[in-house]
Amino acid sequence: MVPFNKPHLTGKEAHYMYQAVSDGTLCGNGKFTKLCQRFFEEKYGFMKCLLTTSCTDALEMCAILCDIKPGDEVIIPSYTFVSTALAFVREGAKIVFADSMGTNPNLDADAIESLITPRTRVIVPVHYAGVACDMDKIMEIANKHNLLVVEDAAQAIDSYYKGRSLGTIGHLSAFSFHETKNIISGEGGMIGINDERFIRRSEIIWEKGTNRAEFYRGVVNKYGWVDTGSSFLPSEVISAFLWAQLENLDEIQNKRRALWNMYYELLKPLADKGCFSIPEIPEFATNNAHMFYLICNSLDERTKLIATLKDNGYQAVFHYLSLHKSEYYKNKHDGRELPNADRYTDCLVRLPLFYELEPEDVERICSVISNL
Ligand SMILES: *Cc1c(COP(=O)(O)O)cnc(C)c1O
C-alpha cells in the first residue's frame, strides 16, 4: 500500500540530534533553536520567530498575545483543522465561522466584513494547501476595523503572496512541522511575530511567563515571573532534527513541486471535462506543493474514488469536517449555513504526495482515476 504521506528524512537528523545531546544542552532555546529561528527570520523576513512544540501551541500563543477576553469574537474559516479555532476558544472567544470560497477552501475575504461586530477582535485566515488567502484585502479590512490578523500558516512554509512570505503579513502567524507537512520534526511548530508590540511579550509567554530569555541575553541580572505563559518551546533535540530538514529545504520543495506538477498535467484533461476540479493557484499566490487535492462532484463519487484507489494499493484521504457542525461547537454556532465548507467536507480528497513518492506511482494513480 502506498500511503498518502510518508515522513522524509534528509540524512543528518540523527547526527544533529546526537550533537545536541553531546553538547550537553538539551532544554530549549539553545544553539539549534537559534539556528532555525535565524534561518526563518533571514530567509523569509519575519520580524521575529520562536520555535514551539506544535502549530497548536503557536496558535495558543497567538490567542494569548491577542489578549482575547471571554465573549470576544474571532473570525475563522469552518473548513480548517480543529486547532485554528480551539486555541481561541480556550481563551473564551466566540468563534464566528466564515465560509470558504467556491473556487478553493480559503476563506472568502469579500464575505468577512458582513461578519464583523463591535466584539470582533481577530481574523484568522488559513492558507489552505499552502496557497495564499487574499491578504491585501484581509489586512485592509483589519486595519479599517482595528482588528488583529493571525495567519494559520501551518501548511504554508516557503509560499508567497505577491512576493511576500506567508506568515510575515499578519500581525502574528503559526506554522507546523508535524510529520504530514513539507518540513517536519515529528511534532513541532513556530510562531512568527511581525508587530513590534508583541516582541517582548511573546518571549515571556514562550518561557512560562518568565523573562528568562532576557536573562540569558544578559539584559537583566535575574529572572522571575512577570506574565502568563506556558512551556511552549521545544527541546534542542527537536530543533536539531528540524535543522537537518531546513538545510535541505530547497531540495524537498523542488521534488514536491515536480510531483505536484505531474499530477496537475495528468489530471487537467479530466478536470476540463468536468469529472472533478483540481487546485488552481490564484495569480497573487505561489504553490509550495503541500498538497494535491481533487474536488469530486459528490460524496458518492469521492467514496468510490477512495475505494478504487485503495483496491489498487493507493491511500487517498479526506480530512476536515466543517467545524461549525462539529460535536463540540455545533450548539454554539449561530446557525448560518456554510455551503462551501460543507461541500469541501464531502467532496475534497487528498492524493498521496511525499518526497519519496515515485513518478511512476503518480502516473499509476492518475491512470486509476482516469479509468473510473
Ligand atoms: C497541521 C495543522 C495545524 C496543527 O498543527 P500541529 O503542529 O499538529 O499542532 C493547524 N492548522 C492547520 C491548517 C494545519 O494544517
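Please tell me if Pro352 is closer than 19 Å to Val2 by Cβ and in contact with a strand residue (DSSP E or B) (Cβ under 8 Å, 6 or more places away or on another chain). Yes, satisfied. Look at region 177-200: where a residue is in contact (Cβ under 8 Å) with a residue 60 or more places away in the chain and open to solvent by 40 Å² or more (accessible area, probe 1.4 Å) and a partner is β-branched (Val, Ile, Thr) and near the ligand (Cβ under 9 Å from one of its atoms), sitting 6+ places away or on another chain with Cβ atoms under 8 Å, you get Glu187/Thr53. Scanning region 67-85 for residues that are among the hydrophobic types (A, V, I, L, M, F, W, C), buried (at least 20 other Cβ atoms within 10 Å of the Cβ) and assigned to a helix (DSSP H, G or I) yields a single hit, Ala85. Within region 128-151, the set of residues being open to solvent by 10 Å² or more (accessible area, probe 1.4 Å) and of a type in the set (Asp, Glu) comprises Asp134, Asp136, Glu140. The set of residues from region 59-116 being away from the ligand (no atom under 14 Å from the Cβ) and touching a Gly at 6+ places or on another chain (Cβ under 9 Å) comprises Ile64, Ile68, Lys69, Pro70, Gly71, Asp72, Gly92, Ala93, Lys94, Asp108. When region 151-174 is examined, which residues are found to be touching a Leu at 6+ places or on another chain (Cβ under 9 Å), closer than 21 Å to Cys66 by Cβ and either free of Cβ contacts under 8 Å to residues at least 12 places away in the same chain or within 16 Å of the ligand (Cβ to nearest atom) (or both)? Of everything in region 151-174, those that are touching a Leu at 6+ places or on another chain (Cβ under 9 Å), closer than 21 Å to Cys66 by Cβ and either free of Cβ contacts under 8 Å to residues at least 12 places away in the same chain or within 16 Å of the ligand (Cβ to nearest atom) (or both) turn out to be Glu151, Asp152, Ala153, Ala154, Ala156, Gly170, Leu172, Ser173, Ala174.
Here's the yes/no breakdown for (1) under 23 Å from Thr103 (Cβ atoms); (2) not in a loop (DSSP other than H, G, I, E, B):
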| site | (1), (2) |
| --- | --- |
| Ala271 | yes, yes |
| Glu301 | yes, yes |
| Leu321 | yes, no |
| His333 | no, no |
| Arg336 | yes, no |
| Ala341 | yes, yes |
| Leu357 | no, no |
| Val368 | no, yes |
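Every residue, every condition in (1) open to solvent by less than 50 Å² (accessible area, probe 1.4 Å); (2) in a strand (DSSP E or B), yes or no:
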| position | (1), (2) |
| --- | --- |
| Leu242 | yes, no |
| Lys255 | no, no |
| Asn261 | no, no |
| Tyr264 | yes, no |
| Lys268 | no, no |
| Pro282 | yes, no |
| His290 | yes, no |
| Leu294 | yes, yes |
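The values are calculated or read from the model by the stated rules, or taken from the named source; none is laboratory data. What you see is a predicted model, and the numbers here were worked out from it, not measured in a lab. Reconstructed Cβ throughout: ideal geometry from the backbone, glycine too, with neighbour counts over all protein chains shown. For the accessible areas, the whole protein counts, side chains as well, though only heavy atoms, and no ligand, DNA or RNA atoms are used. Shrake-Rupley method; radii C 1.70, N 1.55, O 1.52, S 1.80 Å.
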